[in-house]
Amino acid sequence: MPNIARMYDYYLGGKDHYEADRVRAEEAVAADPTLVNLIKENRAFIGRAVRYMAEQGIDQFLDIGTGLPTQQNVHQIAHAVNPGARVVYVDYDEQVVAHGRALLADSDQTEMIRADLRRPGEILDHVRGKRLLDLDRPVGLLTIATLHFIPDEDDPQGIMTKLREALAPGSHLALTHASADGVPDVVAKVVEVYRRTSAPGTPRTREQVTDLFGEFALVDPGLVWAPLWRPERPVSMEEAVQTWFYAGVGRKP
């Protein structure tokens, strides 16, 4: 079965994937020739969002649905601002967790745990038990390109509510989410390809994605196409909408 984490690795030029992953990934690229650029823009947003949060004083991060390790992971970005920052990575995929633990073996400021976003209580219990993160202090929570793999019947809004409620005031939430708002025909073709993978996707509207932030107040420029969130280069709307990933950062009052 093609695996979404290994397909993501393939898009980014990694080596941790199989023939089945490559075949399905190439089908997705055929459906949307700009897909690889979308993935890279998604990674670039992580860098900007984590730097922003670290510059606001966030020194502990919880990254749920981290995917296979690649260049500029959350701890590397955060440590460039604050070498004392601590990071807990979460993923349900055994291969992802094994690679993550190998990468982080020599660090006492990072941890990789295996858990499922659909069971947020288990994630929070594990974090509290390990004590690497202090949930009584502000945390930077990341759910990057993850929530669109949670179908409506698994209640993504309820999942995010539990996670948000567990965080202290001053915490931040960064997320990206697929949407068919901009290029619906293209997204429909890619969604059809992903139906034949380990995790079919569910694109959502801007309003639905905004609801996932709950009481967290969106910081400027709000929820926008990923390349438009505090870009480091000029980006046209025509270019941005081709990514079809909304991105935003919110802060808990």
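The values are calculated or read from the model by the stated rules, or taken from the named source; none is laboratory data. These numbers come from a predicted model, not from an experiment. Please note: Cβ atoms are built from the backbone with ideal geometry, for glycine as well, and neighbour counts cover all protein chains shown. Just so you know, the surface numbers come from the protein's heavy atoms only, side chains and all, with ligands and any DNA or RNA stripped out. Shrake-Rupley method; radii C 1.70, N 1.55, O 1.52, S 1.80 Å.
Structural remarks
- Local electrostatic count, residue 15, Cβ distance below 14 Å [Lys/Arg +1, Asp/Glu -1]: -2
- Mean ellipticity per residue at 222 nm, deg cm²/dmol - from DSSP H runs of n ≥ 4 across the chain, formula -39500 (n - 2.57): -12000 deg cm²/dmol
- Spin-label pair residue 220/residue 107, simplified geometry with 7 Å Cα→Cβ offset, distance in nm: 3.2 nm
- J(HN,Hα) series, region 104-114, from Karplus relation 6.51 cos²θ - 1.76 cosθ + 1.60, nearest Hz, glycine and proline x: 9, 4, 9, 10, 9, 10, 9, 8, 10, 10, 9
- Once the C-beta distance of residue 92 and residue 241 is scaled by a Förster radius of 30 Å, the resulting FRET efficiency is 0.45 to the nearest 0.05.
- Among (1) 82, 44, 29; (2) 45, 37, 37; (3) 73, 53, 30, the entry derived from the coordinates for Cα extents along the principal axes in Å: (2)
- Taking Cβ atoms as reference points and 13 Å as the exclusive limit, the residues near residue 159 contribute a net charge of -4, counting Lys and Arg as +1 and Asp and Glu as -1.
- The phi torsions of region 245-253, fed into the Karplus equation with coefficients 6.51, -1.76 and 1.60 and a -60° offset, translate into couplings of 10, 6, 9, x, 10, x, 10, 7, x Hz, rounded to whole numbers, with Gly and Pro shown as x.
- 24, 164, reordered so the largest accessible area comes first (probe 1.4 Å): 24, 164
- Solvent-accessible heavy-atom area per residue, rounded to whole Å², over the chain at 1.4 Å: 44 Å²
- Amide H contacts of residue 112 (H built 1.01 Å from N, in plane; Pro and chain starts excluded): 89 sit under 5 Å, all sequence-distant by 5 or more or on other chains.
- Modelled this way, with points 7 Å down the Cα-to-C-beta line, the labels at residue 189 and residue 205 are 2.5 nm from one another.
- Carbon plus sulfur fraction of accessible area for the chain, probe 1.4 Å, in percent: 49 percent
- Percent of alpha-carbon pairs separated by more than 23 Å within region 20-140: 36 percent
- Between amide H atoms placed 1.01 Å from N, distances below 5 Å from residue 86 occur with 60, 61, all of them 5 or more places distant or on a separate chain.
- Using a cutoff of 8 angstrom between alpha carbon atoms and counting only pairs six or more residues apart, the relative contact order for the chain works out to 21 percent.
- Cα centroid separation, region 84-153 to region 40-55 (Å): 17 Å
- J(HN,Hα) series, region 189-206, from Karplus relation 6.51 cos²θ - 1.76 cosθ + 1.60, nearest Hz, glycine and proline x: 5, 5, 4, 5, 5, 6, 4, 9, 10, 5, 8, x, x, 10, x, 9, 6, 4
- Between residue 131 and residue 180, the contour length at 0.36 nm per residue exceeds the Cα-Cα span by 13.7 nm.
- Each Lys or Arg adds one and each Asp or Glu takes one away; over the other residues whose Cβ falls under 10 Å from the Cβ of residue 65, this sums to -4.
- DSSP beta bridge pairing in the chain, given as percent antiparallel to the nearest 5: 40 percent
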